[in-house]
Structure formats: C-alpha cells, structure tokens
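Asker: Here it is, the structure in full.
Just so it is clear, none of the values below were taken in a lab; they were calculated from the coordinates. Everything quoted here is computed from the prediction, not taken from an experiment. Every residue, glycine as well, gets a Cβ built from its backbone with ideal geometry; the counts of neighbours run over all protein chains shown.
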Amino acid sequence: MQSKNKFSDLLVSFIILHVCVLITCCSSKKDKEKLNLNEKVLTLSAYDSVKLKWTEMEQEDDLKIMYIKRLIKEISYIPTSNPIEIENLLIKTNQLSKLRYTFKNLSKSSEIDSYDLSVDSLLREIRILVSNTKGVEKYPLCEELTNDIIALDQNVVVRRMRYDEKAKIFNSLFAKVDFQPNDTLRKLTLFQIEE
C-alpha cells in the first residue's frame, strides 16, 4: 500500500511538474511571440527612419541639381557667356539623375563613386564657367546659387553619415528579428566601409 501511495505521489508530482513545465513553456512562447512582435515593430520603425533619411538625402540632392540648372540658366543670360559651354553643362547636369545611385543599388560602391566623380567634375566646370564669364558679378543670383550649391554639396557627407547611423540601428535590430522569408526587408548597405 505504501508503495502504491509512493507511486501515486510520484505520479501526481510528475503530472504537476509536467503541467508546470507546459505552463512555463506556453507563457514563454507567448512572451517570445510578444517580444518578437515588439522587435519587429521596432525594426520596421527603424526601417522607416532609414527611408526618411534616404528621402531627405535624395531631396537635398535634387535641390542641388535644380540649383545647378538654375545657375547655368542664369549665366546664359549674361551676354559674355559661352552658349556651347552652357549647353554642354546642361546636358551633363541632366545626366546626373540617371547616374545617381538608388536605395536598391547602394551596395554597388562603383556607382556611388561614379556619381560623386560626375558631380565633382560638373561643379569644377561650373566654377570655371563662372570665373570665365565677364560681368557675372552684376548678377547677384549667380553668387547666391553658387553658395547654395556649395553648401548642399558639402552637406552630402553629413547626410550620408545620418543615413548610416539609422541603417546601423536597423541592421542591428534586423539581425535579432525572425522575419519570414517572403518579407522584403534585408540588411542595409552603408556608405562607410564596414569593418
């Protein structure tokens, strides 16, 4: 009888232990699902921040291109300007948008370098055009546009750093979250060279 009681006690203890383990597992599973959902929300929020920084960077670049076109147009009004040079610079400026890297092809550093070199070359040619055009000082908008273009161009590095900061946060969160294979999110490429 005592053996039967021990067995019964052991069985009850085993069942209680098993129920406790199941409850713990179930609550842990729910907690894990809740934690995973929270991490997904944070990751998606971080992705939105990255996209916002990208959009700001793109808009600033569009503004710089618009100012470049406007400066070239303004110089074309000066009687001493070179119409052939003006036309060539407008063509090069219009090509910039086609050369620009995108959010999707950012991983191709050669495209970033190519774009940066094209912008630098164009800005150098514009500075030469401005300095070679007699009477440009009578057109104050030319100086204002030149200063705005320089400021926007100098801000490119800052914008890229801000993008990288947000992209690093996203990448860190993304590495921890279990997204389904059909999700379109992926680790983001940075402008800076990763160590």
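Asker: In this structure, is Y163 of a type in the set (F, W, Y), touching a residue at least 12 places away in the same chain (Cβ under 8 Å), under 30 Å from L42 (Cβ atoms) and not in a helix (DSSP H, G or I)? Give the steps one after another, and end with the answer.
Answerer: Numbers: of a type in the set (F, W, Y): yes; touching a residue at least 12 places away in the same chain (Cβ under 8 Å): yes; under 30 Å from L42 (Cβ atoms): yes; not in a helix (DSSP H, G or I): no.
So Y163 fails the test.
Asker: Then there is this: Quick check on my filter: what residues within the stretch 52-74 are free of Cβ contacts under 8 Å to residues at least 60 places away in the same chain and of a type in the set (K, R)?
Answerer: Residues satisfying the conditions are K69, K73.
Asker: Sort through R100, R124 and tell me the only one that's loosely packed, with under 13 Cβ neighbours inside 10 Å, at negative phi and of a type in the set (K, R). Explain how you work it out, then say what you get.
Answerer: Values: R100 fails: loosely packed, with under 13 Cβ neighbours inside 10 Å.
Exactly one of R100, R124 is loosely packed, with under 13 Cβ neighbours inside 10 Å, at negative phi and of a type in the set (K, R), namely R124.
Asker: Condition first: over 17 Å from L190 (Cα atoms) and under 24 Å from the mean Cα position of the chain (by Cα). Now tell me which residues in the stretch 84-120 satisfy that.
Answerer: Step one: list which residues in the stretch 84-120 are over 17 Å from L190 (Cα atoms), which gives 84-99, 117-120.
Of everything in the stretch 84-120, those that are over 17 Å from L190 (Cα atoms) and under 24 Å from the mean Cα position of the chain (by Cα) turn out to be T93, N94, Q95, L96, S97, K98, L99, L117, S118, V119, D120.
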